[in-house]
Amino acid sequence: MGDRDPFGEGVQESAVEGEPSPFDKVLLDVPARLSIDAQRIPYKNVQGNIKFITLDEPSKYHQIIFSACAASIQSDWFSGISNRSRPSYLDSVRKLFDWINDSGRRTSDKTRYTVLKDYESFRMNDLGNKRSPLEFLNSVLQQGQSCYELNRSDYEYLRILLSLSRPAQHAEISTYSLSNWFDLPWLRSVIGEQTYLQLESPRLLFKSFRVTIATTLMWLLDKSARWKRSSVIEFCPSYTDWQYDWNRLVLERDGIFNDAGKAVDEFSELLLLDLIKPSQRVSLEKRLAYSGTRNLPRKFTVDEERFLPWQVPVFFHPAYQTGHSPLEELLCAWLVACEAIQASDIPKLKVSNYARESNSLGRMIAMECNYYKGRAGAFRQPAILMGNDLWTRALDHFMAGLPSSSLLFKTRVDRGVPMAAGALRHNATSLLCNIWRLPTFKQRLRANLKRAGATPLFVRTMLALEEGSESVTSFRKKTGKKIEDYRASVARPLPERLFALTHIKTTAVHAESDAYRESDLINHHSHSALTEKTSYMTDSNKEWVNQSGRITRLVLHDLQHVVFQPSVEAISNAVNDLHLQTRILEATQTDDVVTHSLSGSVTEANSEDTVVVSDTTDTALYFLHYLAQAEVMLPKLLHVRPDWVERTLIVQVEWMTRTLNRMRASAAAKKVYAEVADQLPPLFEHLLETTE
């Protein structure tokens, strides 16, 4: 005890005297925190600009709200929010205090609990916002209640304020589907009355769309696989007009053309569609017929006129030599949206979200998606995709070779795709339309549509859009006017962008309950279809149709998930009740001889809540025979007596299985049953004589 550690003495003395300690070198610095009393909080918005949350003239209640917001912004909860979502929360806080500062609001004891609802009223009624700003603000204030500088009364104020400031319900949101996107009256004269009316049916349009996109994706994946079999060309597209050099290299190495300069196969045809401007294709084919693909120049001279035939490729890009192109990913995303998956969740999907089942030969049997839906905060499973469907094979072909942990899409498939500006703009829209015009592709698509029982409604309507006026982009460049002026000025206006994932997802949902029939196109009335649409289909009638559709979906849901599904909960409760009431008694050593029938081994005791089972070989033998007979007769009983199977047979089988595990005589009974099973009588044949 007399020996003392000098190092320990130094540490102890420094701890007592407040001097520097040797441990200070290994301790982390305390992180700096923003002062809760600060009246100015800087942050960066989505555009990267510096914004400030300020409180100019703090009152008692405004200061409590500001302090809670400041504490919430520094909390672990806020740090766990994604970088993409944080600016939305910060903007909502900033706009609240901007309103307080600009309006000069004075919150008194009488109005202290209405400050948030007054702000909500200002945003939604005066400014016309559709969503309540309290959806973000309440979350921030909820987390800010843990602020250490708030006293008991401040905390009670925030708690009551939040309880009285629930967000208002959303205004009715308009749904957008493919039918809405194609709602262009001038299309009626281009595609015909009958085809135009078919666009109103989500079922017809959706099936045509799904088969067309699946066929297109399979076609492009085949061409991509052939391109990947060639060696990778080392090329850096970082300089201006790089396509003039790259296109010539790809065309010379991979293109196959005949003596007339025409493409020999589909792959070479796709090369011309993607690499060559449509206006210069004839001139290029003449050059190919004359000298082939070797030493193609940058500029061609035809009739003493020089021209550049090369365009920036959409599919044959240098960066897509070893992976999927954005066009393939876009088509795959469209097929995923056909499963009615939330559009905002599609870019987050991974290959591991899909479970694929194949047979011993490697052929696809079924595929199922299990994904996390952000809005609902829960996992969702869309309908199982069957392996014999074309869209299932297309998805499986797309995922082949991708790591299971990787994202399904590397590009932003949720971004809008501009419509092609005539022949002067080469993008995904124009390339798809050119592919759909190929005779060989049309033959393949026609066969797939016939096999699926669909019509070429979608592709026919898409190609008819080329009969429209100039695009919105061209109009805006010429006049500088807005899209409203464009729609009012041109004869055949076009959509500004291609349909989005939301249009496809909504159409997939509507197609589930669409009862549209071909005979609906026949007009038996004295007026035209247009008159019926504008004069007879009033708002009240549409509301009745919508209500009928909702009622139909509710009835179908009950039929599928309630009426024709066994009540697992009821069965489980019945089995548990029997299990708790069962009392097993061991056989006694008595000389009394009593004869029991085979089914008389289970008796009820004097108490109504007790079922007595004698632990004998005869009882176990009866249980084993009952279970064996139930397994053999189950298919017939399900057909004749389904209710009895659900309410009695399943309960008895489950209870007997549990009881056998508790009986000592079960082992001996199994040996006896193996010898006498063929001699025991059937148990359920009398039930087959009647039906329920």
If every Lys and Arg gets +1 and every Asp and Glu gets -1 at its Cβ, then about the Cα centre the stretch 306-436 yields a dipole, in debye to the nearest 20, of 360
For peptides 148-154, 570-576, sequence by mean Cβ density within 10 Å, most packed first: 570-576, 148-154
Which of Tyr290, Tyr155 has the fewest Cβ neighbours within 10 Å, and the rest in rising order: Tyr290, Tyr155
Links that overshoot a 25 Å alpha carbon limit, given the list Lys60/Lys95; Lys277/Lys482; Lys51/Lys110; Lys410/Lys481; Lys410/Lys450: Lys277/Lys482; Lys51/Lys110; Lys410/Lys481; Lys410/Lys450
Which peptide among 273-279, 677-683, 188-194, 210-216 comes first, and what is the full order, when sorted by highest mean count of other Cβ atoms within 10 Å? 210-216, 273-279, 188-194, 677-683
Would you mind ranking Tyr239, Tyr119 by Cβ crowding within 10 Å, fewest neighbours first? Tyr239, Tyr119
Name the shape class, rounded, prolate or oblate, that the alpha-carbon gyration tensor gives for the stretch 356-482, where a ≥ b ≥ c are the square roots of its eigenvalues, rounded holds for a/c under 1.5, and otherwise prolate holds if a/b is larger than b/c and oblate otherwise. oblate
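What's the magnitude of the charge dipole for the stretch 191-307 around its Cα centre, counting Lys and Arg as +1 and Asp and Glu as -1 at the beta-carbon? Answer in Debye, nearest 20. Spell out each step's value before the answer.
Values: 18 positive and 17 negative charges, 58 e Å.
Dipole magnitude for the stretch 191-307 comes out near 280 debye.
Quick one: Phe209, Phe182, fewest Cβ neighbours within 10 Å first, how do they rank? It would help to have the intermediate numbers written out before the result.
Details: Phe209 27, Phe182 22.
Taking fewest neighbouring Cβ atoms as first place, the list is Phe182, Phe209.
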Once you charge only the Cβ atoms, +1 for Lys and Arg and -1 for Asp and Glu, what is the size of the charge dipole of the stretch 40-163 about its Cα centre, to the nearest 20 debye? 220
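Where a number appears in this text, it was derived from the coordinates with a stated rule and is not lab data. The structure displayed is predicted, hence computed values, not measured ones. Note that we place each Cβ from the backbone using ideal geometry, even for glycine, and neighbour counts take in every protein chain shown.
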